Amino acid sequence: MAHDDAHHEDAHHGHDAPKITADRVALPAGHPLRRLLPVGGAVGALALVATFALGLGHPHELYSSYLLAFFYWLTLALGGLFFVLLQFATRAGWSVVVRRVAEHVSGTLPLFALLFVPLALAVGQLYHWSEAGAMDHDPLLAGKAPYLNEGFFITRGVFFVLAWSLLGWWFRRRSMAQDTSHDPGATRFLQSASAPALIVFAVTLTFASFDWVMSLDPHWYSTIFGVYIFAGCAVAIFSLVSLLSMALEKGGGSKSGGPSGGPLAGLVTVEHYHDLGKLLFGFVVFWAYIAFSQFMLIWYSNIPEETVWYRHRLEHGWKAVTILLAVTHFAIPFFYLILRRTKRNRPLLAIGCLWMLAVHWLDLFWLIKPAVGAGPMPTLLDLLAFLGTGGLFLATLAWLMRKPATVPVGDPRLAESLSFENM
Amino acid sequence: MSQPLLSRLLSRLPWAKGGDATDPAELRLLLAEYESPGALILAARKMRDAGCTRWDAHSPFPVHGLEKAMGLKSSMVPLFVLVLGLGGAAAGMALQWWVSAVEYPLLVSGKPMFSWPAFVPITFECGVLGGALGAVFGFLGLARLPRHHHPLFASQRFERMSDDRFFLSVESDDPHWDRAADLLAEAGASRIEEIGGDGSVKEVHRGSGITSGPTSGTAADTAPGTSEEA
């Protein structure tokens, strides 16, 4: 248990505060997560090449598949940024031991600045509003032209990905610098930086959702759309942080800490998973709340230019997907994750997290694909693009994780986190 | 846990408690005082392992690991919340259906009489209300609250329960009542008082107050309960 370990270290060093050395929590040489770098990199590169090789003949399909894959992995990385900012903004003590994992996830954001390039080059082939002559007989589009035009769209996109990359990289770097400096001032500084960063995060995420996903259907608008995407980010990151923490508890090589081997073994306890599970459950409900709020207002006012968005998702075979989404993204996980036993049992929680990561993809599939006139069955291009961007994402993540301590060992709240208990 | 759920539930209802069979005037209590949360946990483990059933622990603040040391079973409150939450939601939806589609059908913007999406917010709120009432009254019922008096309040020392002392009390209908005082003393009680049904208090043991357990005051330092989880 965390406590015994902490006291053990204590006896070793003769300090009053429990100390964990960076060596103790380094990623061991033989850890399975290290394999993500070569495997993810190779699979990602190959799949991405295959995506573009197969798809160049049908650019509309290619770029809608690419957008779906890009946006799916991006929401995970953005979720990581949200997680880090949230912990600093709330001065959370419990989460210190799992925060480094999220810092690495948000550290992958520069990759998405790179992956945004194909999207920026393909605006005309993906977005109806940018097609030549689209607004000639369409007063609605003509009215939106000052915002929805290719130049401004790309400018905004570049600003979003650069802002995220900078925030993700910077928070990760400052936190890692604390591993050696042990300076409590670094924590205070990041705490005060996190609040304005959260504002930047909220605004950029909202407008990126409007631009990249909502504008696929340029006549339609929903002011809650950014919040809906945010709810998906949150669901994804609490799942991912739980799964990565479990992976870091297991496996390993010679430098292992506990009997089960991983660098986080004995540090992350069932108490941390309980809290991650509670947050996951909370955001599953939040997602449903936002999704239903959007639906009910549009259903109630019954204005054709708004209801058409749902109509696209209730016709041509999409109705089954809509129902499937409501059941698998809310009803089933609600009753599964509400149980205390699920959240305090690693294998059961892992099943819930994998499930949520899968239905989060279904959610984005349901948002993006009907808007480009695609049918409700995933295509080969969807799969290839998913593997391509995902492989690169996981390889980048493994690359970021290869050296630094897996726990912010210099954080003044680490001891509080290690001895955290729910009851 | 092998008992069927229903009989388990019934046996936990306040009026099914075995203790109520004893005439309150004849109920006696032992009140043991400990100087640290660590000592309280050690004492609780002793009581749990001896098979005592009619006892409780009292602390000025939540002590991590105490419920495990006491061997407390999981609470029935979540079940009340589930049943009343679902019941409240069902009642909320039924009320709106009956009002809008049966008793006083009123056409609103050409939608069907039973337009369930419009009823979801109120259904949700009724579910929350039912769940909250289930939590509050389920807890009060299981804890047999509110009550105006408890025999323990006869002890002057017990006032320090809200300040800097940790207490363990045993009721005389406990199966191991005869050796309860010895168990409490062995665990390192600094004092043990016996409280009679008439409200009389007499000291039956005074110890050194020195225990084998950790004695520092913070809960984080003294959470041996965590080691039981593995």
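The values are calculated or read from the model by the stated rules, or taken from the named source; none is laboratory data. Bear in mind that the values here come from a model prediction, so they are computed numbers and not experimental data. Here the Cβ positions follow ideal geometry from the backbone for every residue, glycine too, while neighbour counts run over all protein chains shown. In case anyone asks, the SASA skips ligands and DNA or RNA and just uses the protein heavy atoms, side chains included. Shrake-Rupley method; radii C 1.70, N 1.55, O 1.52, S 1.80 Å.
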So what is the calculated 222 nm ellipticity per residue for chain A, using -39500 (n - 2.57) for each DSSP H run with n of 4 or more, over all residues, to the nearest 500 deg cm²/dmol? -23000 deg cm²/dmol
Under-5 Å amide H pairs with B:R191, H placed in peptide plane, nonlocal only: B:E33, B:G207
Simple spin-label estimate for B:W116/A:V308, 7 Å along Cα→Cβ, in nm, reads 2.9 nm
1.4 Å probe, heavy atoms, protein only - residues of segment B:42-74 losing at least 30 Å² accessible area vs chain alone: B:H64, B:E67
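What ranking of B:F153, A:F210 comes out by heavy-atom accessible area, probe 1.4 Å, highest first? If you can, show how the numbers build up before the last one.
Working: B:F153 125, A:F210 40 Å².
The residues order as B:F153, A:F210, largest area first.
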For the protein assembly as shown, what is the charge dipole size about the Cα centre, in debye to the nearest 20, if Lys and Arg each add +1 at the Cβ and Asp and Glu each add -1 at the Cβ? 980 debye
List every residue whose amide H lies under 5 Å from the amide H of A:V407, counting only residues 5 or more places away in sequence or on a different chain, with H placed 1.01 Å from N in the peptide plane. none
Interface A-B: total buried accessible area (1.4 Å probe, Å², nearest 100) of 1500 Å²
Once the whole set of protein chains is in place, how much accessible area is left on B:V99, using a 1.4 Å probe, in Å² to the nearest 10? 70 Å²
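Would you kindly work out the equivalent ellipsoid of segment B:77-142 from its C-alpha gyration tensor and give its semi-axes, the square roots of five times the eigenvalues, largest first in whole Å? Working shown, then result.
Values: eigenvalues 182, 18, 10 Å².
Ellipsoid half-lengths, sorted descending, are 30, 9, 7 Å.
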Select from B:V201, B:L95, B:P117 the residue farthest towards the positive end of the dipole of the protein assembly as shown; place +1 on Cβ of Lys and Arg, -1 on Cβ of Asp and Glu, and compute about the Cα centre. B:P117
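How much of the accessible area of segment B:77-142, in percent, comes from carbon and sulfur atoms when a 1.4 Å probe is used?
84 percent
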Residues of segment A:313-342 with backbone N under 18 Å of the label point set 7 Å from the Cα of A:W299 along Cα→Cβ are A:313-315, A:318-332
Residue by residue through segment B:46-57, the couplings from Karplus 6.51 cos²θ - 1.76 cosθ + 1.60 with θ = phi - 60°, in Hz, x for Gly and Pro, are 4, 5, 4, 6, 6, x, 6, 10, 9, 8, 8, 10
Can you give the accessible area of B:R147 in Å² (nearest 10), computed on protein heavy atoms with a 1.4 Å probe? 130 Å²
Ordered by residue, what ³J(HN,Hα) values in Hz, to whole numbers, does segment A:155-161 give under the Karplus form 6.51 cos²θ - 1.76 cosθ + 1.60, where θ = phi - 60° and Gly and Pro are x? 4, 4, x, 4, 4, 4, 5
Tell me which of A:S106, A:L267, A:A122 sits at the most positive position along the dipole axis of the protein assembly as shown, charges placed on C-beta atoms (Lys, Arg +1; Asp, Glu -1). A:A122
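Mind checking the per residue accessible area of the protein assembly as shown for me, 1.4 Å probe, whole number of Å²? Write down the numbers at each step before the final one.
On the way: 29730 Å² over 653 residues.
So the protein assembly as shown comes to 46 Å² accessible per residue, rounded to a whole number.
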In terms of the Cα gyration tensor, with a ≥ b ≥ c the square roots of its eigenvalues, is the protein assembly as shown rounded because a/c is under 1.5, prolate because a/b exceeds b/c, or oblate? oblate
Can you pull the percent of chain A's accessible area that's carbon plus sulfur, 1.4 Å probe, other chains left in place? 69 percent
Sort A:Y63, B:Y104, A:Y273 by heavy-atom solvent-accessible area, probe 1.4 angstrom, most to least. B:Y104, A:Y63, A:Y273
Can you pull the accessible area of A:T379 for me, 1.4 Å probe, Å² to the nearest 10? 60 Å²
